[in-house]
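Take a look at the structure set out below.
Laboratory data are not the source of any read-out in this text; all were calculated from the coordinates shown. As the structure is a computational prediction, the values presented were derived from the model and not from experiment. Don't worry about glycine lacking a Cβ; one is built from the backbone with ideal geometry, like all the others, and counts go over all protein chains shown.
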Amino acid sequence: MSAVAERFKIRHRLPAARWPTREEAERARLFQAARIGPVVAEQRTWVPAMVPWRATDDGFVTDEVLAWYARFAEGRPGVLVVEATGIRDVASGPLLRIGDDRFVPGLRRLVETVRGGRLAEATHDATWRQAPEAAVRERLVSADRTLLEAALDDRQREALDYGYRERIWDTHLPHIRELPRVLPGLFAEAGRRAREAGFDGIELHYAHAYTMASFLSRLNTRDDGYGGPREQRVRLPLEVLGAVRARVGGDYVVGIRYLGDDVVAGGSDVEDAAWFGARFAEAGVDYLSVSKGGRFEDAKQPRVGEAVYPYTGRSGYECMPTVLSDERGPFARNVPLAARIRGAVREAGFDTPVVTSGGIGTFEQAEGILERGEADFVGAARQSLADPDWFRKIRLGHGSLVRRCEFTNYCEGLDQQHKQVTCKLWDRVEVDAPDARLARDGKRRLSAPSWTPPEGDAR
Ligand SMILES: Cc1cc2nc3c(=O)[nH]c(=O)nc-3n(C[C@H](O)[C@H](O)[C@H](O)COP(=O)(O)O)c2cc1C
Ligand code: SF4
């Protein structure tokens, strides 16, 4: 049993839910409009980014991508964030890309669809010093753990245990050294394309295992002015924000998703995050969406031929907590991070909206967060996947019909295998229905069955 599993062995029940009447919902903070920079969201409900592995292998929008977003749009969230999207023009499997103008038409269709639907001195043998690399490799392959521990340095041991990964502080590698030179331009161009495609705004992905989160991390020891103390770790993220802002203009929403806590040994904590939040606000970001963990450092070693998946260690647990948890349980577990960051941003004199997410699936949780001033928007990724109509059902006084997420992460398991993401609560339901589009395995429907509000409730 892994260390993670030992810690997280209490099975929590879903919190009881009391759903508001239509009149209560109408008055609720959750359903009031709120400003995000130059735009106004109709409500404070938010669907955070979720990768559904539905693009083509070249990163183009498919009909399945369109159906994914169209279905969330039917629930009428205040904000619907598009999945992690590659800004470099390099292959990344069925993940959306925006690193070249050729991707714009497909992305434009996505926008239109959403709108249209509303939408290595251990052997004491000196000969090894001169041995050819292949012989050393061969010896290590048959070595026991004691020899490996003695023969490999920390990085090599980590690569053995968790798989080799480049780090943004590997500045001996030319393409890593030059990141600060190339990234602002790449992000800025991607931002321009997003605007051209018609999106209302862009979210800079500074969270999880992505490059910019590594720049912000306390683990970043680059010595070229972009690592070490906070002021230097935030430098590139601020330069990217500045370049994007200059390219898209002041009248366009530019938000940042970043980590309230890396949850890895030696990584950044909430005090770093609070300080970064104030710097981002000062630099004019339009919103801050706070996530947690999801780092590579503690991820499990992938099987041969498979890509490393960052959500498998403790930090991964914290990013998408499940009901098999510690005493705190998974529900609204990350809210204190958002609240601390919001406090720091307000103290610094900015009213930048802060978005929280993580284990939120009831009206009372969401409304309580807003009421206590812990965040300005409430994000729900898995609950929205489980029931894309849930915000709308609550809003219309039909909360008792909400299909509640069980927080057991079948969907995340599919994501880990790069399979088209669906939810266990509905993917085997009415698979024969004429409008049911099936996953490539031919067994699972790709979208939740649609929900029609009772007559007269069509809003
Ligand atoms: C299938 C799946 C894919 C995800 N993909 C992304 C992503 O592309 N970008 C991102 O910032 N977060 C991603 N996340 C994390 C969610 O946005 C969210 O932070 C996390 O699931 C916790 O919120 P929840 O409890 O409301 O689900 C993903 C989550 C899931 C379940
Ligand atoms: S598969 Fe499970 S965790 Fe994922 S959205 Fe559905 S019920 Fe929630």
Exercise. Viscosity 1.567 mPa s, temperature 4 °C: Stokes-Einstein D of the chain from its Kirkwood Cα radius, in µm² per second?
Worked result: 56 µm²/s
Seminar exercise, completed: Diffing the range 256-261: the Karplus 3J(HN,Hα) column from phi (6.51, -1.76, 1.60, θ = phi - 60°), in whole Hz with x for Gly and Pro, holds 10, 9, 8, 8, x, 6
Seminar exercise, completed: For the range 398-449 the GluC sites (Glu not before Pro) that pass both the DSSP coil test and the at-most-13 other-Cβ-within-10 Å test are 430
Problem set entry | Amide H contacts under 5 Å for residue 289, placed H, 5+ residues apart | 256, 257, 258, 355
Problem set entry | Rounded to 5, the percent of DSSP beta bridges in the chain classed as antiparallel | 20 percent
For this session: Would you pull out the residues with amide H under 5 Å of residue 97's amide H, same chain only if 5 or more places away, H placed 1.01 Å from N?
Result: 86
For this session: Can you tell me the dipole magnitude for the chain around its Cα centre, using point charges on the Cβ only (Lys, Arg +1; Asp, Glu -1), in Debye to the nearest 20?
Result: 840 debye
Problem set entry | Full-extension gain in nm, residue 112 to residue 60, via 0.36 nm per residue minus C-alpha separation | 17.2 nm
Exercise. Using modelled backbone amide H atoms (1.01 Å from N, in-plane), which distant-in-sequence or interchain residues come within less than 5 Å of residue 36's amide H?
Worked result: 41
For this session: Would you please give the FRET efficiency between residue 147 and residue 224, computed as 1/(1 + (r/R0)^6) with r the Cβ-Cβ distance and R0 = 35 Å, to the nearest 0.05?
Result: 0.45
For this session: Work out from phi, with θ = phi - 60° and the Karplus expression 6.51 cos²θ - 1.76 cosθ + 1.60, the ³J(HN,Hα) of each residue of the range 91-104, listed in order in whole Hz, and give x for Gly and Pro.
Result: 5, 9, x, x, 10, 4, 10, 9, x, 7, 4, 5, 7, 4
Problem set entry | Sorted peptide list for 335-341, 38-44, criterion being average Cβ within 10 angstrom, highest first | 335-341, 38-44
Seminar exercise, completed: In the structure shown, of 393/443; 9/393; 9/300; 9/419; 9/424, the pairs separated by more than 25 angstrom at the C-alpha atoms are 393/443; 9/393; 9/419
For this session: On a C-alpha basis, how far is the centre of the range 255-278 from the centre of the range 171-227 in Å? Whole number, if you could?
Result: 16 Å
For this session: Pop out the ³J(HN,Hα) list for the range 72-79 in order, Karplus 6.51 cos²θ - 1.76 cosθ + 1.60 with θ = phi - 60°, rounded to Hz; leave Gly and Pro as x.
Result: 5, 4, 4, x, 6, x, x, 9
